[in-house]
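Remarks on the structure that follows.
What follows draws every value from the coordinates through simple rules; no lab data is involved. Nothing here was measured: the structure is a model prediction, and the numbers come from that model. Because the Cβ atoms are built from the backbone with ideal geometry, glycine has one as well, and the counts that use them run over all protein chains shown.
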Amino acid sequence: MLALHRGGAGAAGACVGEAPAFGMFTIFVFGGLAVFKYLWMVIQDLLLSVTYASLMHTMLARVAGRKGRLIHGVGLCIGVLASVALAIVKYTTNLIISSHWNHYIYAILMSLTVLFLVFTFCFGRKEKQSEGAGSTILSITGSLLSSVLVFYSLPGVLLYPFSFNTMGQGYLSSYYLVRMAGWLGALILLLIYSRLLSHCALEIKPYSWVPSVLNTSLWVFAVYCFGRFFVPWVNRAKWLGWPVKYSDAAYGWIGNWMMFTANHSMLFLWITVGLVVLLAVFFFRQGTILREKYDNPAQLRKLKARNRRWRRTAVGTLVCILLFSLILTIVKTNDTRQVELSAPENYTVDQDAGVILVPSEAVNDGHLHRFEYRTEKNIDVRWIVVKKPNSASYGVGLDACEVCGNAGYFERNGQIVCKRCDVVMNINTIGFKGGCNPIPLAYEVKDGNLVFRLEDLIAGEKEFR
């Protein structure tokens, strides 16, 4: 018995924006999705910590001189070494559960932030207090805060290179190197930004601009930490029998604030970035005004050269911020947008013969064609067909792979791409087992049709459960 199955309207169309399958340069230029993925991820993870650490280092240098720089430098080194140790423990064991671990980190960060703000009010409102005990206390507190910030944000970034998909081709493959380029590129951009911001904060006048920007952004950060850590501590208080009351549905206003900080975490980053923009703009304005007196043309040229350097530093900082903003908005949105799989196409079912018939003329155009069969267990088994270039054969496989599961494949600029990992398939290898290739599905060409056995499709149920 023959039956026409209508899997959906429309054939699989070509999507836009992918690079050719081979060649790292073309991947960089046209697609670069693998590069961009780790570019925005690293910047998003580290931008806040890098901003705070840069401003902190400069502020302590202006308050406590060489002593402040030394203490803060030691704190940063301790934070980096602790991050490396934590990354190793996370990679080699299951001892660290990040969701539990971060509750304590938020509590420590908030406590140190409040202490630093208090000590800044007491000891950090004036420059060049290197001889006083107050500047030492401020430097130690600031270095501890920076150390914990690094310890919080850096371990995950250090582990990214160990999660890159090499497609079984090793660490020198284009798959790995492209991702590593994005990871390293982000670190280099953040390093350049840190140097430029430090120079802005070191030479801006009056000094009060530096603690004003840093303290305001730290207040914002403390409020964010409050929202991220408070509910778990409320739960712990209830376990201890303390009289803590909140609604079971939403934990009252505390739960609402927790949800706000979870859903709007980027808002707190943008507030800090906005404050840094103000600092850079005022530093640029400082470079346009010549206030000092001069006795001869040589001194005037020297002052003008200094002002030009100030303006260039301010512009460089603003360019970095603009670049980060584009990466965290346009690039991130493009990279994380959901790709809609094309609708399944029609085919004919011959129940008596136990086969599915797909007219070969319907799949001879070289584009991806998707089909779907619902089994008796109400599981939709999908498979794809694409005519191989310069060949009479077809690339046929389930719309799933052993690496990425049943995420599926889509067509982009004539390339077949895995939806989950964004790896471009070699069309000539579709139908062969291994890597991110579609799981092979048997077929034969007979009487102008591609013939698929129902028993083979039913055997593929396990891939779509």
Item to check | Amide H contacts under 5 Å for residue 412, placed H, 5+ residues apart | outcome: 15, 417
Next on the checklist: Apply the a/c threshold of 1.5 to the C-alpha gyration tensor of region 335-465 and tell me whether it is rounded, prolate or oblate.
Outcome noted: oblate
Checklist entry - Among the lysines, which fall within straight-line cross-link reach of residue 302, defined as a Cα-Cα distance under 20 Å, with same-chain neighbours fewer than 8 residues apart omitted? => result 205, 293
Checklist entry - Among the lysines, which have Cα under 18 Å from the Cα of residue 37 when same-chain residues fewer than 8 positions away are ignored? => result 332, 419
Checklist entry - Using the per-residue mean of other Cβ atoms lying within 10 Å as a proxy for protection, in what order, highest first, do the peptides 36-49, 65-78, 261-274, 194-207 fall? => result 36-49, 194-207, 65-78, 261-274
Checklist outcome for this item: Exposure-ranked with fewest Cβ neighbours within 10 Å first, 162, 284 stand as 162, 284
Item to check | Cross-link reach list, aspartates and glutamates versus residue 304, counting only Cα pairs under 16 Å and skipping chain neighbours closer than eight places | outcome: 203, 292, 295
Next on the checklist: Considering only C-alpha atoms, what is the centroid distance from region 371-391 to region 329-348, in Å?
Outcome noted: 17
